[in-house]
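The structure appears right after this line, and notes come after that.
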Amino acid sequence: MSHRAVATIDRKALAHNLAVARRHAPESKLAAIIKADAYGHGLVPCAEALNDADLFGVTTVDEAEQLRRAGTSKNILLMQGFIDKADLRRIAHHNLQLVVHRADDLAMLENEFCKIAPTKPLTFWLKVDTGMGRLGIKPTEVERVHLALRRQPWCHDVVVMTHLANAATPDSPLNSQQLLQFARSCQPLTEFAPETSIAASAAMLSLDNAGDWARPGIMLYGSSPFAWSDSQRRRDQFDLHNVMTLKAQLISVRQHEAGDSIGYNSQFICPRAMRVGIVSIGYADGYPVTAANGTPVVVGNTRTGTVGRVSMDMLTIDLTQCPHARVGDLVTLWGDALPVDEVAASLGIISYQLLAGLGGRVLREYC
């Protein structure tokens, strides 16, 4: 490996995980969520690997345009709606689907699309806040906003959607409360029989209410949406395959004595004589500076852990149990042998943050 840090992306694993998603929501169409540069894996290469999905979900118009420039003709949904009215011209031009989560947007949509009529009527996804407490119109507004959208000449269809706050905690009573609230919100729309969308990854894997559209995200990238402590719901239990393997080079191997301090703020003091390795990845590459001593890594086939504070460009690991490790050897930060979910749990964060936060200096290679 000539580059200092490389993330290898397994496109076959992506396609496999999409097939797993279909098995868990066999009656639903799938919106593959590839926002945030496909959770740090690379937007266009992942879109190509996930081409069997029925739709792509992104956050920004820029992401959608990147897909269009790459030749994607598949429907694309802007999950966060539009930010500025200038977005609407681009949305119309690229025939994008759009989440509407504010009742106040109706006036702006009507005003702008009267000026720049889309070449084809657009599909809107009406988001209902049933308990997440973030984006979404009130359940009492659903009928009015739905009808207001449907009567517009630039509206082809309206999908009604919600987002479950506690799907990663399947026993939470809020799940059933949200599902009931959503069903009640849709009751006045019976004559239109609108398509619905409820489940993202966690709900797909734990509940039976995917809706007409399911929205797999983190599961596509080989990570379980459930806590690592829930051993019955780790990725292997769902037949999810690892997608990203992150490795970096050992650039120095040193012998330290008992009492020596390692790194900034002397976060680690050697309790004994020990071999220590310097790995060419740091917080500027997306590896969290908050990593505590002992955060797991793998050298060859041996598990060991970090020592000392993570620096901007490097981190330090204990090589006591790796006597044959040499400069130029590769250290696995996560991958097949070390699940990203386990690393995230040891850091007190979630895998989404590790994957999506991986920096641009890390080379992505695809296999």
Practice item. Check the range 89-97 and report whether any residue there is crowded, with 19+ Cβ neighbours inside 10 Å, assigned to a helix (DSSP H, G or I) and assigned by TED's automatic domain parsing to the domain that holds ALA148. Key: yes
Check your understanding: Which residues, taken from the range 218-237, are under 19 Å from ASN166 (Cα atoms) and surrounded by fewer than 21 Cβ atoms within 10 Å (Cβ to Cβ)?
Key -> ALA227, TRP228, SER229, ASP230, SER231, GLN232, ARG233, ARG234
Point to revise | Residue selected from the range 345-365 under the condition of a type in the set (Gly, Ala, Ser) and surrounded by fewer than 21 Cβ atoms within 10 Å (Cβ to Cβ), by the criterion farthest from PHE238 (Cα to Cα) | key: GLY360
Practice item. Taking the options ARG309, ARG364, name whichever one is in contact with a helix residue (DSSP H, G or I) (Cβ under 8 Å, 6 or more places away or on another chain) and under 22 Å from LEU43 (Cα atoms). Key: ARG364
Exercise for review: Check whether at least one residue in the range 160-168 is surrounded by 15 or more Cβ atoms within 10 Å (Cβ to Cβ), touching a residue at least 60 places away in the same chain (Cβ under 8 Å) and outside any helix (DSSP H, G or I), and report yes or no.
Suggested key: yes
Review point. Quick one: would you say ASP236 is assigned to a helix (DSSP H, G or I), of a type in the set (D, E, K, R) and under 26 Å from HIS16 (Cα atoms)?
Key: yes
Exercise for review: Hand me the list of strands (runs of 3 or more DSSP E) wholly inside the range 245-325 holding 1 or more residues that are surrounded by 22 or more Cβ atoms within 10 Å (Cβ to Cβ), of a type in the set (Gly, Ala, Ser) and in contact (Cβ under 8 Å) with a residue 12 or more places away in the chain.
Suggested key: 274-279
Practice item. Please determine, by comparing only the residues of the range 194-231 that are aliphatic (A, V, I, L, M) and farther than 20 Å from VAL340 by Cα, which one is modelled with the lowest pLDDT. Key: ALA210
Practice item. Kindly provide the set of residues from the range 5-44 that are in a loop (DSSP other than H, G, I, E, B), in contact (Cβ under 8 Å) with a residue 24 or more places away in the chain and either surrounded by fewer than 18 Cβ atoms within 10 Å (Cβ to Cβ) or of a type in the set (A, V, I, L, M) (or both), ordered by number. Key: ALA25, GLU27, ILE34
Check your understanding: Only one of ARG90, ARG102 is within 30 Å of LEU180 (Cβ to Cβ) and either of a type outside the set (D, E, K, R) or over 16 Å from the mean Cα position of the chain (by Cα) (or both); which?
Key -> ARG102
Revision key, fill the gap. The correct count of residues that are touching a residue at least 60 places away in the same chain (Cβ under 8 Å) and touching a helix residue (DSSP H, G or I) at 6+ places or on another chain (Cβ under 7 Å) in the range 334-352 is 7
Revision key, fill the gap. Over the range 59-73, the set of residues out of contact with any His (no Cβ under 7 Å at 6 or more places or on another chain), surrounded by 16 or more Cβ atoms within 10 Å (Cβ to Cβ), of a type outside the set (A, V, I, L, M) and over 18 Å from ARG215 (Cα atoms) is GLN66, THR72
Exercise for review: Scan the range 71-85 and report the pairs whose first residue is without any contact (Cβ under 8 Å) to a residue 24 or more places away in the chain and whose second residue is in a loop (DSSP other than H, G, I, E, B) and among the hydroxyl-bearing types (Ser, Thr, Tyr), with Cβ atoms within less than 9 Å and a gap of 6+ or a chain change.
Suggested key: LEU78/THR59; LEU78/THR60; ILE83/THR60
Review point. Is there a residue being touching a Ser or Thr at 6+ places or on another chain (Cβ under 9 Å), among the aliphatic types (A, V, I, L, M), closer than 16 Å to VAL340 by Cβ and modelled with pLDDT of 95 or more anywhere in the range 18-31?
Key: no
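Residue-by-condition table, conditions (1) of a type outside the set (S, T, N, Q); (2) surrounded by fewer than 21 Cβ atoms within 10 Å (Cβ to Cβ); (3) in contact with a Phe, Trp or Tyr (Cβ under 9 Å, 6 or more places away or on another chain); (4) in contact (Cβ under 8 Å) with a residue 24 or more places away in the chain:
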site	(1), (2), (3), (4)
TRP125	yes, no, yes, yes
HIS146	yes, no, yes, yes
GLN152	no, yes, yes, yes
GLN178	no, no, no, yes
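The values are calculated or read from the model by the stated rules, or taken from the named source; none is laboratory data. Predicted model only: the values in this text are computed from it and were never measured. Reconstructed Cβ throughout: ideal geometry from the backbone, glycine too, with neighbour counts over all protein chains shown.
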